Amino acid sequence: MTVIDVDDPDDARVDDFRDLNSVDRRPDLPALPGGRVGKGLVIAEGVLVAQRMIASRFAPHAFLGVDKRLRELAGDLRGTELAGVPFYRASADVMAQVVGFHLNRGVLAVARRPQRLALSDVLAGARTVAVLEGVNDHENIGSIFRNAAGLGIDAVLFGAGCADPLYRRCVRVSMGHALLVPSAAFDDWPDGLDILHDNGFQTVSLTPEVSSPALAQALTDPVTEAPREKVAFLVGAEGPGLTRAVMRASHVRARIPMSRGTDSLNVATAAAIAFYERARTL
């Protein structure tokens, strides 16, 4: 790596890290107010998330951090793929002035967005996927990616109305797994669910409806009682859940049995339970 000391917070070389808390200037925004094109960069915060960015297809083109974090990342920064990539070393105060707030994690990595993965490539070889509709909370999306990574989900797919999965907060909450778990978006929604059906997936809409069968029933063949070969879990936004059109298009609706009058769970929590139930049956 090339280590470059930065003492001036106005140094143009660190512009890709500037104003991370700005609602209209952040470098991770693909589009800016007024129809302007944004940088659409991907930001990794902290040593662990930076390490996962290095290991992903999101190749970092620069780092900004304090000396302590540079030393902690030293082993990860020796790869030939990072030859010539600058590590801008700064004090915590200079870094805070650049970023716009004090960053406890002490290091940032930044990458340009690669070409979006094709849905067909993401589905190739996959057995279990998560499909999101209307999930517009970045922390929920980040949590779903983290749950997916930990519980053996092969990919996360996006229908209509979802927030940007590469937004800084999403990447941070996912602990970098938003960069490692394959993801893709449907071009047509909900008609795109036919692609899952054509690829042999049992589509399972998660719903709190008490008339729906329990989740465990939806994951096994009713005749052989063997686990379904391929499963796609469909989850919707907090509150409204999945649209009726999506639930009608899916093979089956399923619920997580609840108690004490609770009608539903946080979407990331519900997804984690579904992911575990699937892992348990395989």
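Among the residues of the stretch 40-64, what is the count of those that are of a type in the set (K, R) and over 19 Å from the mean Cα position of the chain (by Cα)? Write out each step before concluding.
First pass over the stretch 40-64, keeping only residues of a type in the set (K, R): 52, 57.
Imposing the further condition that a residue be over 19 Å from the mean Cα position of the chain (by Cα) reduces the set to none.
Of the residues in that region, 0 qualify.
So V267 passes all but one of these: (1) closer than 13 Å to A216 by Cα; (2) surrounded by 19 or more Cβ atoms within 10 Å (Cβ to Cβ). Which condition number does it fail?
Result: V267 passes all but (1).
The rows are residues; the columns are (1) in contact with a Pro (Cβ under 6 Å, 6 or more places away or on another chain); (2) β-branched (V, I, T); (3) on the phi > 0 side of the Ramachandran plot; (4) part of a loop (DSSP other than H, G, I, E, B).
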{"residue": "S120", "(1), (2), (3), (4)": "no, no, no, no"}
{"residue": "L132", "(1), (2), (3), (4)": "no, no, no, no"}
{"residue": "A148", "(1), (2), (3), (4)": "no, no, no, no"}
{"residue": "I153", "(1), (2), (3), (4)": "no, yes, no, yes"}
{"residue": "D164", "(1), (2), (3), (4)": "no, no, no, yes"}
{"residue": "C170", "(1), (2), (3), (4)": "no, no, no, no"}
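Could you list all residues from the stretch 107-134 that are surrounded by 20 or more Cβ atoms within 10 Å (Cβ to Cβ) and among the small types (G, A, S)?
Those that are surrounded by 20 or more Cβ atoms within 10 Å (Cβ to Cβ) and among the small types (G, A, S): A109, A111, A130, G134.
Restricted to the stretch 13-29, and to residues that are within 20 Å of the chain's Cα centre (by Cα) and in contact (Cβ under 8 Å) with a residue 24 or more places away in the chain, which residue is surrounded by the fewest Cβ atoms within 10 Å (Cβ to Cβ)?
N21
Taking only the stretch 106-127 into account, find how many residues are closer than 25 Å to D15 by Cα and charged (D, E, K, R). Working first, answer last.
Let us first name the residues in the stretch 106-127 that are closer than 25 Å to D15 by Cα, namely 106-116.
Remaining after also requiring charged (D, E, K, R): 112-113, 116.
The total comes to 3.
Tell me which residues, restricted to the stretch 198-236, are surrounded by fewer than 19 Cβ atoms within 10 Å (Cβ to Cβ) and β-branched (V, I, T).
Of everything in the stretch 198-236, those that are surrounded by fewer than 19 Cβ atoms within 10 Å (Cβ to Cβ) and β-branched (V, I, T) turn out to be V210, T220, V223, T224.
Could you list all residues from the stretch 255-282 that are among the charged types (D, E, K, R) and touching a Phe, Trp or Tyr at 6+ places or on another chain (Cβ under 6 Å)? Don't jump to the end; show me each part of the working.
Restricting attention to the stretch 255-282, the residues satisfying the condition of being among the charged types (D, E, K, R) are 255, 260, 263, 277-278, 280.
Of everything in the stretch 255-282, nothing turns out to be among the charged types (D, E, K, R) and touching a Phe, Trp or Tyr at 6+ places or on another chain (Cβ under 6 Å).
Tally the residues that are of a type in the set (A, V, I, L, M) and either within 16 Å of V107 (Cβ to Cβ) or not assigned by TED's automatic domain parsing to the domain that holds D67 (or both), restricting the search to the stretch 1-41. Break it down into steps so the answer makes sense when it comes.
Kept after step one, since they are of a type in the set (A, V, I, L, M), are these residues of the stretch 1-41: 1, 3-4, 6, 12, 14, 20, 23, 29, 31-32, 37, 41.
From the residues that got through so far, the ones that are either within 16 Å of V107 (Cβ to Cβ) or not assigned by TED's automatic domain parsing to the domain that holds D67 (or both) too are 1, 3-4, 6, 14, 20, 41.
Within the stretch 1-41, residues that are of a type in the set (A, V, I, L, M) and either within 16 Å of V107 (Cβ to Cβ) or not assigned by TED's automatic domain parsing to the domain that holds D67 (or both) number 7.
Please report, ordered by residue number, the strands (runs of 3 or more DSSP E) entirely within the stretch 1-118 with at least 2 residues that are over 25 Å from A185 (Cβ atoms). Write out each step before concluding.
Values: elements: 2-5, 42-45, 60-65, 86-89, 107-111.
By residue number, 2-5, 60-65, 86-89, 107-111.
Here's a check for you: in the stretch 141-197, which residue that is among the small types (G, A, S) and under 15 Å from S56 (Cα atoms) is surrounded by the most Cβ atoms within 10 Å (Cβ to Cβ)?
The first filter runs over the stretch 141-197 and keeps only residues among the small types (G, A, S), leaving 142-143, 148-150, 152, 155, 159-161, 163, 174, 176, 178, 183-185, 192.
Next, only the ones that are under 15 Å from S56 (Cα atoms) stay: 149, 155, 174, 176, 178, 183.
On the way: A149: 19, A155: 23, S174: 27, G176: 28, A178: 30, S183: 23.
Across the stretch 141-197, the extreme among qualifying residues is A178.
Looking only at the stretch 227-243, count how many residues are more than 18 Å from R280 (Cβ to Cβ) and either polar (S, T, N, Q) or modelled with pLDDT of 95 or more (or both). Lay out the reasoning, then the answer.
Here is the first cut: in the stretch 227-243, the ones more than 18 Å from R280 (Cβ to Cβ) are 234-243.
Now narrow it down to the ones that are either polar (S, T, N, Q) or modelled with pLDDT of 95 or more (or both): 234-236, 242-243.
Here the count works out to 5.
The values are calculated or read from the model by the stated rules, or taken from the named source; none is laboratory data. None of these values were measured; they are calculated from a predicted model. Note that we place each Cβ from the backbone using ideal geometry, even for glycine, and neighbour counts take in every protein chain shown.
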